[in-house]
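Inspection log for the structure reproduced underneath, given as structure tokens.
The values are calculated or read from the model by the stated rules, or taken from the named source; none is laboratory data. What you see is a predicted model, and the numbers here were worked out from it, not measured in a lab. Positions of Cβ are backbone-derived with ideal geometry, glycine not excepted, and every protein chain shown enters the neighbour counts. In case anyone asks, the SASA skips ligands and DNA or RNA and just uses the protein heavy atoms, side chains included. Shrake-Rupley method; radii C 1.70, N 1.55, O 1.52, S 1.80 Å.
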Amino acid sequence: KKYKTIKNNLQVLGDIVEFAKKRQLIDPSINNPFHDIDKGKNNSKKTAMMPDAMLRDVLSHLRPEKHYPSIIARATGMRQSEIFDSRIITEEGIECFTVEDAKTEAGIRLVPIRDDLVEYAYDNHHKLTVAKSYSNLFGAAKKKVTDRGDIKFHSLRSTFITLALRANYSEMQV
């Protein structure tokens with residue numbers, strides 16, 4: 001399981017114990033076994049939105065053939081691992097990325113590719129190598145533009161989601 005899933009599950013178990021204590025379904029003096037235990041990664045910083053101008057500056061420090069994952073992340077809100085692990089298929093006449101290995105079951109989905117990016121996606125998707133090496137490349141290019149710790153590749157996902165919600169798309173559409 002991914003750390004976030006484990007962390008969330010442990011937090012829910014802790015909440016259930018606290019609920020049971022408050023309702024006196026269990027002894028209120030009992031120590032909550034899910035309180036203050038190592039829940040995986042901690043002290044993680046929230047990611048900030050990445051303005052398109054900043055993304056352009058970051059991409060200017062990468063070779064053009066390395067722009068693809070960032071552009072797709074910004075246009076679709078896909079996670080980096082989803083971009084690298086997806087395939088492109090046609091579903092009901094619409095070109096889509098297939099996300100089959102997602103963080104949660106709800107993340108298994110088809111992600112439509114914008115019409116203006118279909119040709120770009122076909123031309124570049126087969127060039128993907130390893131997510132880890134791309135993460136390092138993106139991070140190095142980002143450091144040339146800003147030293148903000150809350151700006152990272154995942155900021156592209158945050159930006160997409162925030163702008164889509166501001167444009168009144170439903171959470172399910174996003």
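Of note:
- Residues in region 108-138 that are within 16 Å of Arg79 (Cβ to Cβ) and not β-branched (Val, Ile, Thr): Arg109, Leu110, His125, Leu128, Ala131, Lys132, Tyr134, Ser135, Phe138.
- Condition met for Leu128 (closer than 22 Å to Pro51 by Cα and more than 15 Å from the chain's Cα centre (by Cα)): no
- Subset of region 11-43 that is of a type in the set (A, V, I, L, M) and at pLDDT 80 or above - its residue that is most open to solvent (accessible area, probe 1.4 Å): Leu25
- Counted residues, region 164-174 - those being outside any loop (DSSP other than H, G, I, E, B) and in contact (Cβ under 8 Å) with a residue 12 or more places away in the chain: 1
- Cβ-Cβ distances below 6 Å connect the following pairs, each with a first residue in region 64-77 that is within 20 Å of Tyr169 (Cβ to Cβ), a second residue that is not in a helix (DSSP H, G or I), and a separation of six or more residues or different chains: Ala75/Arg114; Thr76/Val111.
- Residues (hydrophobic (A, V, I, L, M, F, W, C) and either touching a Cys at 6+ places or on another chain (Cβ under 6 Å) or surrounded by 14 or more Cβ atoms within 10 Å (Cβ to Cβ) (or both)) located in region 158-174: Phe160, Ile161, Leu163, Ala164
- Conditions (1) touching a residue at least 12 places away in the same chain (Cβ under 8 Å); (2) farther than 22 Å from Lys152 by Cα: number failed by Ile108: (1)
- Taking region 56-157 as the region of interest, the strands (runs of 3 or more DSSP E) fully inside it that hold 3 or more residues being open to solvent by 50 Å² or more (accessible area, probe 1.4 Å) are 87-91, 109-112.
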